[in-house]
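Novice: Here's a structure for you.
The values are calculated or read from the model by the stated rules, or taken from the named source; none is laboratory data. In this text, all values refer to a predicted model and were calculated from it rather than measured experimentally. Because the Cβ atoms are built from the backbone with ideal geometry, glycine has one as well, and the counts that use them run over all protein chains shown.
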Amino acid sequence: MTLPLTNDLVFFDLEATGLNLTRDRIVQIALIKLFADGSPQQELEMKINPTVPISAEASAIHGLSDADVRDAPTFQEVATKVQDFIGKADLAGYNSNRYDVPLLQEEFYRAGIFFDTSGRRLIDAQQIFYQMEPRTLSAALKFYAGKKMENAHDALADVRATVDVFTGQLRHYAGATYEREDGTVIEPFADLDAVADFCKDDRFLDATRRLKRGPDGVPVFNFGKHAGKPVAEVFAKEPSYLRWILEKDFTTEVKTLVQVIEEERKKK
């Protein structure tokens, strides 16, 4: 269908050195502009030299390395070009309201440009998806079992609903296959071992996701000032950080894991 535009609309996406909105920088920007007057759409894509290193985790996701953007212009050098391309258009993206828009604003501010969004429509396809297809137990019960949730948040009612949801999932996905990011095709509902493996998220080392595996499999922090840094390296340089974790309100699982990591580090 033709979008009923009353204003130009720019869809855009950013790749960056990481996920921190104030510390990280853009390494690639892509924009597609749809015109309210029906003119042919325009596209703009550029690699950007962030002037700071790209984290290994970010590089593993978008595939761009420091060498790939070394000769690219900085954002400050192309800021006016990007601003002119967007013009007075509304903005759209996926998870853009929480990530792409504020990250783009930060880059503009550093380039001396105040990028005002108060008068623009901000369209976020992810928010539409989440709100129209809610991931609640009530929504799952309706979708998989065709039942209406009664007494939500009563423990027994919730667990009964969960049994119905899981039974419905096994029926709904019987014989289904799933392709992982590496191209491997699996049958996640072949048996309960397969289901359990499908539910597992090997990226994180603890239930609260304070620790995770880095690109090389080494445990790294997933929070605070040392986010993304190897746990053992941090403890070697800053022993007080281990003591701080053990004294603060972290789970027993996290405290046990960091102690094991520290003991293994000392043995090497």
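To keep it simple, each residue is scored yes or no on (1) touching a Leu at 6+ places or on another chain (Cβ under 8 Å); (2) crowded, with 20+ Cβ neighbours inside 10 Å.
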position: THR6; (1), (2): no, no
position: LEU14; (1), (2): yes, yes
position: LYS33; (1), (2): yes, no
position: GLN41; (1), (2): yes, no
position: PRO53; (1), (2): no, no
position: ALA56; (1), (2): no, no
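Listed here are the residues, each with its yes/no results for (1) buried (at least 16 other Cβ atoms within 10 Å of the Cβ); (2) in contact with a Phe, Trp or Tyr (Cβ under 6 Å, 6 or more places away or on another chain); (3) at pLDDT below 95; (4) outside the structural domain of LYS47 (by TED's automatic domain parsing).
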residue	(1), (2), (3), (4)
THR74	yes, no, no, no
VAL78	yes, no, no, no
LYS81	no, no, no, no
PHE85	yes, no, no, no
ALA92	yes, yes, no, no
TYR99	yes, no, yes, no
PHE115	yes, yes, yes, no
SER118	no, no, yes, no
ALA125	no, yes, yes, no
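Novice: Moving to a separate point now. Is region 216-225 home to any residue that is of a type in the set (Asp, Glu) and in contact with a Ser or Thr (Cβ under 8 Å, 6 or more places away or on another chain)? It would help to see each step written out before you state the result.
Specialist: Let us first name the residues in region 216-225 that are of a type in the set (Asp, Glu), namely 216.
Imposing the further condition that a residue be in contact with a Ser or Thr (Cβ under 8 Å, 6 or more places away or on another chain) reduces the set to none.
There is no residue in region 216-225 that is of a type in the set (Asp, Glu) and in contact with a Ser or Thr (Cβ under 8 Å, 6 or more places away or on another chain).
Novice: Could you say which residue among PHE223, PHE198 is under 19 Å from the mean Cα position of the chain (by Cα) and without any contact (Cβ under 8 Å) to a residue 60 or more places away in the chain? Please lay out each step first, then the result.
Specialist: Working: PHE198 fails: under 19 Å from the mean Cα position of the chain (by Cα).
So the residue among PHE223, PHE198 that is under 19 Å from the mean Cα position of the chain (by Cα) and without any contact (Cβ under 8 Å) to a residue 60 or more places away in the chain is PHE223.
Novice: When only residues in region 130-142 that are among the polar types (S, T, N, Q) and part of a helix (DSSP H, G or I) count, which is farthest from VAL165 (Cα to Cα)?
Specialist: Residues of region 130-142 that are among the polar types (S, T, N, Q), as a first pass: 131, 136, 138.
Then keep just the ones that are part of a helix (DSSP H, G or I); that gives 131, 138.
Values: GLN131: 20, SER138: 9 Å.
Only one residue fits best here, namely GLN131.
Novice: Out of the residues in region 143-174 that are surrounded by fewer than 12 Cβ atoms within 10 Å (Cβ to Cβ) and assigned to a helix (DSSP H, G or I), which is modelled with the highest pLDDT?
Specialist: Keep residues of region 143-174 that are surrounded by fewer than 12 Cβ atoms within 10 Å (Cβ to Cβ), which gives 146, 148, 150-151, 153-156, 159, 163, 171, 174.
Adding the requirement that they be assigned to a helix (DSSP H, G or I) leaves 155-156, 159, 163, 171.
On the way: ALA155: 89, LEU156: 91, VAL159: 90, VAL163: 92, ARG171: 95.
Per the stated criteria, the residue is ARG171.
Novice: Confirm whether THR80 is under 22 Å from ASN7 (Cβ atoms), among the hydroxyl-bearing types (Ser, Thr, Tyr) and either touching a Ser or Thr at 6+ places or on another chain (Cβ under 9 Å) or in a helix (DSSP H, G or I) (or both). Show your work before the answer.
Specialist: On the way: under 22 Å from ASN7 (Cβ atoms): yes; among the hydroxyl-bearing types (Ser, Thr, Tyr): yes; either touching a Ser or Thr at 6+ places or on another chain (Cβ under 9 Å) or in a helix (DSSP H, G or I) (or both): yes.
Yes, satisfied.
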